[in-house]
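Contents: one structure, followed by commentary.
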Amino acid sequence: MSSSPALLDVQQAHPRHAEFAIIDVRTAGEYASGHLPGALNVPLDRIARSLPELRRAAEEKPLLLVCASGARSENAARTLARHDIEATSLTGGTSSWSAQGHPLDYPAQGPRRVWAMERQVRLTAGALVLLGLVLGLLVHPAFELLSAAIAAGLVFSALTDTCGMAVVLGRLPFNRRR
């Protein structure tokens with residue numbers, strides 16, 4: 001199997017929407033804030049545990065993986081490819097889907113206001129860098145190592161296209177199902 005997952009943009013996917021088993025790999029909180037019609041939620045950190053179900057779903061219909069922007073769904077497609085499960089990633093994700101005027105579905109109790117994971121990571125990383133610098137100035141210079149560690153983590157995240165901070169944030173209660 002190829003290391004690059006198949007990609008579809010919204011213009012290609014929308015008319016074929018019903019042909020796919022749509023899997024939303026965002027956190028449960030993000031999913032509850034609006035998802036593609038008919039999408040099932042299998043958060044990225046649960047993909048490995050859901051391989052048997054995803055394999056069965058892929059045997060019935062092609063899988064279309066969706067996230068907020070397309071990055072996590074591409075990672076999920078690569079993970080599935082390593083297990084011989086074919087999947088396509090929606091480029092631009094739900095952001096692009098809704099920006100092009102296509103509807104989103106919401107849970108019965110209505111949309112839940114949860115920040116996108118990327119925004120949560122930016123806030124957390126920025127706050128930790130700022131905290132390290134302030135504590136380094138006011139308490140002890142060794143606290144500046146916190147800022148350096150976060151910077152190193154961000155560089156590692158960019159180089160490997162993974163995000164440990166997103167995994168940790170995804171486990172917080174507000175990112176889980178109610």
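Observations
- Scoring Ala21 on the criteria (1) in contact with a helix residue (DSSP H, G or I) (Cβ under 9 Å, 6 or more places away or on another chain); (2) within 16 Å of Gln100 (Cβ to Cβ) leaves a single failure, condition (2).
- Just one residue in the set Val129, Val121 is open to solvent by less than 40 Å² (accessible area, probe 1.4 Å), aliphatic (A, V, I, L, M) and either more than 30 Å from Ala6 (Cα to Cα) or free of Cβ contacts under 8 Å to residues at least 60 places away in the same chain (or both); that residue is Val121.
- So Glu86, is it within 18 Å of Pro5 (Cα to Cα) and loosely packed, with under 13 Cβ neighbours inside 10 Å: no
- Meets criteria (under 23 Å from Ser98 (Cα atoms), hydrophobic (A, V, I, L, M, F, W, C), surrounded by 15 or more Cβ atoms within 10 Å (Cβ to Cβ) and modelled with pLDDT of 95 or more) for Leu64: yes
- Selected residue (criterion: nearest to Val114 (Cα to Cα)) from residues of segment 1-39 that are of a type in the set (Asp, Glu) and open to solvent by 50 Å² or more (accessible area, probe 1.4 Å): Asp9
The values are calculated or read from the model by the stated rules, or taken from the named source; none is laboratory data. Nothing here was measured: the structure is a model prediction, and the numbers come from that model. Quick reminder, even Gly has a Cβ in these numbers, built from the backbone with ideal geometry, and neighbours come from all protein chains shown. All accessible areas refer to the heavy atoms of the entire protein, side chains included, with ligands and DNA or RNA removed. Shrake-Rupley method; radii C 1.70, N 1.55, O 1.52, S 1.80 Å.
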